[in-house]
Amino acid sequence: ASGVKEGNLLLDSKAGWQAGGDRGDAIVPGDVEGSLVVKAIRYHDEDFQMPPVKPLDPDVVARFEEWIKMGAPDPRVSGTPLAKEFINPSDPVAGREHWAFLPLTKPNIPQLNVPHLDKHGTLHPTDQFVRAALDNVGLKPAPVADKQTLLRRLYFVLTGLPPTPEQAQAFLNDPHPQAYEHLVDDLLASRHFGERWGRHWLDLARYSDSNGMSENFLFREAWRYRNWVIDAVNKDLPFNRFLTEQIAGDLLPYDSIEQRDQQRIAAGFLSLGPKNLLNGTSPQQVFDVADEQIDTIGKAILGQTLGCARCHDHKFDPIPTADYYALVGIMTSTRVLQDRFMLNTQRHMETLEGLGYCGEMQNEIYEQYWKDFKKIRDDVKDGKDVLTFLEDNDDEGVDDVIRKNAFAVCDEIGDLTLPLSERIAAQKARNRWLEKRAKPVPIPPRAMIPNDDPQPANVAIRLAGQVDVEGEIVPRGFLSVLGDGSIQIPEKTSGRLELAQWLTDPDRGAGHLAARVYANRIWQYTMGRGIVRTVDNFGRTGEAPSHPELLDFLACELIESGWSTKSLVRQIVLSQAFAISSDLDEEALVVDPDNRWLWRAHRRRLDPESLRDAMLAAAGTLDLQPVDSTVDYLGDQATGVGANKNRRREDFVCRSLYLPVIRNDLPEILNVFDFADPSVTTGLRANTMVPMQGLFLLNDQSVMDAAGLTASRLLSEFKSSSDDELLTVIYDQLFLTAPTPEERSAILSYLNARQLENTPRDKDEQTPPDTRYDAWKMVCHALFASSRFQILN
């Protein structure tokens, strides 16, 4: 990084490379062979290679050589200092001036002279900030959306589900002036709120039911963490506690075994990442796992790209390498992997701990069984062999088995005074016992739970990120750009509990930044776009907030509410900014084409989970009950291998939230419609519009099945209705509105033509019984594929 010396050498200014470093002259103008930089980038000396991971492309090396031949000219104006913040961008003291790191103070609410929208005669505070920004650019907000549009928007935003016809009618016919507010409260209290908003966090937690990478082993118990997240959101667990349990739940005190287990399950957050299991217990794996955890915590909680400081001081943000390795020491003092016997060999796998009062004992019995698995199976085989030899009067064969495995042979075998029949009966009894013993032990209730290393330790900086090239040892700690440094880590602990406290302390730690990041995420999930659009990057390379005072106001509201997610969500969805329509205003479009100032609602496409759930709901097959594991039938290798490939099931009718998330093998609808990459933190999913999506909706069997079931349900429930009446019904159920005259005319014409095609010309022929069903199935299919179904206005 600029201004930071490695080997006493600076290469970002002419004065720096002219001075040289510990090894001598880095660059000698006009002398290619005498310039040490050239020697390093040519990769001829094994002990002197830069960059250390892999060589530069030959054409890049050639350009360096040509530049030195030219005399190494510096195109910058001599004597002109670089901008202050880029002299040393990794300086944590100077970096505190960046907007995201500034102390959090609650801004005054702008006072505006505008028509009131609530019973108190004032605008909602959120709207006053939005309206002030609109006034500054001469824009006005769009009118409030109609009740049908707002109802559909609210249901999908808060629950990820469409309203049922009964729910829609109850709201649309409710004359109470606070009917909308009551509906908001009902949806926030619904179990489906936790399912919808829990999925948002699972994107950030890189949730998956398998490890991915190398052999892609199954995370058989990951579902417990997924369901913990859903329950925590539904309980409105304060966000600071929500984070604390995920970072250090296994270290927290508890009043009951159930509380202990739930806190330990929460800490599975640290274990969920992909790992290169083929590295075993190597130092490379240890540091790779720590890096993945730090990268996840940095992006998900702090909106910072901490992983950039693994090899060198951060190039843009105030994160020196020493701060990065202070965090590494915490993570390398934490165990998320253990030796377990799997697929007939010892492997380094995710740590699994037993749950309940006898959980640890049951877990030990289970693991011991698999360690002894091959021996147990051999005992069964040898027991059968000795019985065969005995029945065949093959004394030599009997003796061979006894010498090889006396445990498999009953005591009576060697007693030649006994009748042969008794010896045979005794061995049969022994074989029955051996076979009973060979039955697999039931998998005990257990979870992916980290634990502290019994010998926590600080780590040395790894020069250029190379695990075998050590520099200075740094004490375990936190980012020096945040907090006052008063939170200390006890010598005998990993530091995870102190890390969790630091992350959520707005006065002595990073709590002010965590609150900004989370408030921005809540705004994004409700409004469709963040105040800071780069939701995972609040650093210098990210975007600045469009409404900085509003962001700080929301962050303060979050903290003042006791870190309540539901309270802040409620505040936003009750605002005018949430309720306005997405109608286009040509004049506003010219001034603000990106809708940065929120003059209208953002239109957004349903995510794949909501799209699938909505189709199953229309078909009447969606099962809304919560689900535990949907991968328990899979083998240890989640995607299987060779001829015995065991694929995840595709016939689930549960909510899409519960579908198997197998790294490298996602359900197709999730892949096609921009599901989060389960290997990395994803605060903002991709939003593509590609032909593959249209082809999927037109050709996928699950979509066609849902369309057929929707048509069957429609024709069954409204047997005596005309096509015109059915069209009104299906539009009301899918879109909460009536078809336009043009749509009605086109669809009725199609239905008539399709049914005429199948009408027999000969009076003696019978009309096929499925003619009307086939026509309506195609209509339902077309409606599923329509933008009106896929887009939330």
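The values are calculated or read from the model by the stated rules, or taken from the named source; none is laboratory data. Model, not experiment: these values are computed from the prediction. Positions of Cβ are backbone-derived with ideal geometry, glycine not excepted, and every protein chain shown enters the neighbour counts. SASA here: full protein model, heavy atoms, side chains in, ligands and nucleic acids out. Shrake-Rupley method; radii C 1.70, N 1.55, O 1.52, S 1.80 Å.
Is there a residue in the range 121-143 that is outside any helix (DSSP H, G or I), under 30 Å from ALA232 (Cβ atoms) and either out of contact with any Gly (no Cβ under 9 Å at 6 or more places or on another chain) or open to solvent by 50 Å² or more (accessible area, probe 1.4 Å) (or both)? For the range 121-143, residues outside any helix (DSSP H, G or I), under 30 Å from ALA232 (Cβ atoms) and either out of contact with any Gly (no Cβ under 9 Å at 6 or more places or on another chain) or open to solvent by 50 Å² or more (accessible area, probe 1.4 Å) (or both): present. Taken together, the criteria exclude LEU584 from residues that are part of a helix (DSSP H, G or I), open to solvent by 30 Å² or more (accessible area, probe 1.4 Å) and of a type in the set (A, V, I, L, M). Just to be sure before I move on: is ASP536 modelled with pLDDT under 95, under 27 Å from VAL690 (Cα atoms) and not hydrophobic (A, V, I, L, M, F, W, C) in the structure I sent? No.
Considered as a group, the residues in the range 362-393 that are among the hydroxyl-bearing types (Ser, Thr, Tyr) and touching a Pro at 6+ places or on another chain (Cβ under 8 Å) include one that is nearest to LYS404 (Cα to Cα), and that residue is TYR369.
Is it the case, given these coordinates, that PRO454 is under 30 Å from ASP339 (Cα atoms) and modelled with pLDDT of 95 or more? No.
In the range 644-662, of all residues being modelled with pLDDT under 95 and either among the basic types (Lys, Arg) or not in a loop (DSSP other than H, G, I, E, B) (or both), the one that is least open to solvent (accessible area, probe 1.4 Å) corresponds to ARG648.
Of the strands (runs of 3 or more DSSP E) lying entirely inside the range 421-485, the ones with 2 or more residues being under 30 Å from PRO320 (Cα atoms) and in contact with a helix residue (DSSP H, G or I) (Cβ under 8 Å, 6 or more places away or on another chain) are found at 459-462, 470-474.
Scanning the range 86-117 for residues that are open to solvent by less than 50 Å² (accessible area, probe 1.4 Å) and polar (S, T, N, Q), we see that the one that is modelled with the lowest pLDDT is ASN88. The set of residues from the range 596-643 being of a type in the set (A, V, I, L, M) and surrounded by fewer than 17 Cβ atoms within 10 Å (Cβ to Cβ) comprises LEU624, VAL627, VAL641, ALA643. Taking first residues from the range 124-149 that are under 30 Å from PRO165 (Cβ atoms) and partners that are aliphatic (A, V, I, L, M) and surrounded by 20 or more Cβ atoms within 10 Å (Cβ to Cβ), the Cβ contacts under 7 Å between residues at least 6 apart in sequence or on separate chains come to ALA142/ILE580; PRO143/ILE580; VAL144/ALA579; VAL144/ILE580; ALA145/ALA579; ALA145/ILE580; ALA145/ALA601; GLN148/LEU736. Cβ-Cβ distances below 7 Å connect the following pairs, each with a first residue in the range 372-393 that is without any contact (Cβ under 8 Å) to a residue 24 or more places away in the chain, a second residue that is crowded, with 17+ Cβ neighbours inside 10 Å, and a separation of six or more residues or different chains: ASP385/VAL401; PHE389/VAL398; PHE389/VAL401.
A count restricted to the range 127-149 and to residues that are farther than 22 Å from PHE553 by Cβ and among the charged types (D, E, K, R) stands at 2.
The residue pairs whose first member lies in the range 704-727 and is farther than 14 Å from ALA617 by Cβ and part of a helix (DSSP H, G or I), whose second member is open to solvent by 50 Å² or more (accessible area, probe 1.4 Å) and of a type in the set (Ser, Thr, Tyr), and whose beta carbons are closer than 6 Å, counting only pairs six or more residues apart or on different chains, are ALA711/TYR773.
Of all residue pairs spaced 6 or more apart or on separate chains, those with beta-carbon atoms under 7 Å, a first member in the range 224-237 that is within 17 Å of CYS654 (Cβ to Cβ) and open to solvent by 30 Å² or more (accessible area, probe 1.4 Å) and a second member that is assigned to a helix (DSSP H, G or I) and among the aliphatic types (A, V, I, L, M) are ARG224/ILE265.
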